[in-house]
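Enquirer: The following block contains the structure, expressed as structure tokens.
The values are calculated or read from the model by the stated rules, or taken from the named source; none is laboratory data. Everything numeric here is computed off the predicted structure, so don't read it as measured data. Every residue, glycine as well, gets a Cβ built from its backbone with ideal geometry; the counts of neighbours run over all protein chains shown.
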């Protein structure tokens, strides 16, 4: 390569949400036909997906249907951009993990980075609704 690690300068903050066709909180696969799909867009928003209106999600494979990635100058701006992108995302006809991602963006521990590998399972035990 023509550059070294010391030559790289961090530039902003990125966050990725993996959107799965799953029923939360059980994370049970949710195969079926997508009746409506709208991908978010705009500055610093990227949606990698293969789905479309009328697409049938088969029950035989991984339930990952999209990766939503945002980039912004700093962590707070990236969270704000991610919230907007999740609010724009429409996947109707099947259950997805989108409501979980929206709910997590309202949690102070997530926003501050104060969590560990057991945080989500503990939070899910005490959470009554993800809508």
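So that you can scan it fast, the table gives a plain yes or no per residue for (1) over 13 Å from the mean Cα position of the chain (by Cα); (2) farther than 17 Å from residue 111 by Cα; (3) touching a residue at least 24 places away in the same chain (Cβ under 8 Å):
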site: 16; (1), (2), (3): no, no, yes
site: 26; (1), (2), (3): yes, yes, no
site: 35; (1), (2), (3): yes, yes, yes
site: 49; (1), (2), (3): no, yes, yes
site: 61; (1), (2), (3): yes, yes, no
site: 84; (1), (2), (3): no, no, yes
site: 89; (1), (2), (3): no, yes, yes
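Enquirer: Something else about it: Give the residues of the stretch 24-34 that are surrounded by 12 or more Cβ atoms within 10 Å (Cβ to Cβ), touching a strand residue (DSSP E or B) at 6+ places or on another chain (Cβ under 8 Å) and farther than 11 Å from residue 57 by Cα, sorted by residue number.
Expert: If we filter the stretch 24-34 for residues that are surrounded by 12 or more Cβ atoms within 10 Å (Cβ to Cβ), which is where we start, we get 24-25, 27, 29-34.
Then keep just the ones that are touching a strand residue (DSSP E or B) at 6+ places or on another chain (Cβ under 8 Å); that gives 27, 29-34.
Result: 27, single match.
Enquirer: Counting just the residues of the stretch 91-112 that are in contact (Cβ under 8 Å) with a residue 60 or more places away in the chain and part of a helix (DSSP H, G or I), which one comes out nearest to residue 31 (Cα to Cα)?
Expert: At the first step, the residues of the stretch 91-112 found to be in contact (Cβ under 8 Å) with a residue 60 or more places away in the chain are 91, 93-101.
Filter once more, so that each one left must be part of a helix (DSSP H, G or I): 98-101.
Values: 98: 15, 99: 17, 100: 18, 101: 19 Å.
Looking at residues that are in contact (Cβ under 8 Å) with a residue 60 or more places away in the chain and part of a helix (DSSP H, G or I), I get 98.
Enquirer: A further question on this structure: Please go through the stretch 35-66 and give me each residue that is touching a strand residue (DSSP E or B) at 6+ places or on another chain (Cβ under 7 Å) and closer than 24 Å to residue 121 by Cβ, ordered by number.
Expert: Result: 63, 64, 65, 66.
Enquirer: I need a count of the residues in the stretch 113-131 that are over 15 Å from residue 26 (Cβ atoms) and more than 18 Å from the chain's Cα centre (by Cα).
Expert: Qualifying residue count, the stretch 113-131: 5.
Enquirer: Of these, 69, 117, which one is under 27 Å from residue 13 (Cβ atoms) and touching a strand residue (DSSP E or B) at 6+ places or on another chain (Cβ under 8 Å)? Show your work before the answer.
Expert: Details: 117 fails: touching a strand residue (DSSP E or B) at 6+ places or on another chain (Cβ under 8 Å).
The unique qualifying residue is 69.
Enquirer: Say we look at the stretch 20-38 and pick out the residues that are out of contact with any helix residue (DSSP H, G or I) (no Cβ under 8 Å at 6 or more places or on another chain) and in a loop (DSSP other than H, G, I, E, B); which of these is modelled with the lowest pLDDT?
Expert: Only one residue fits best here, namely 26.
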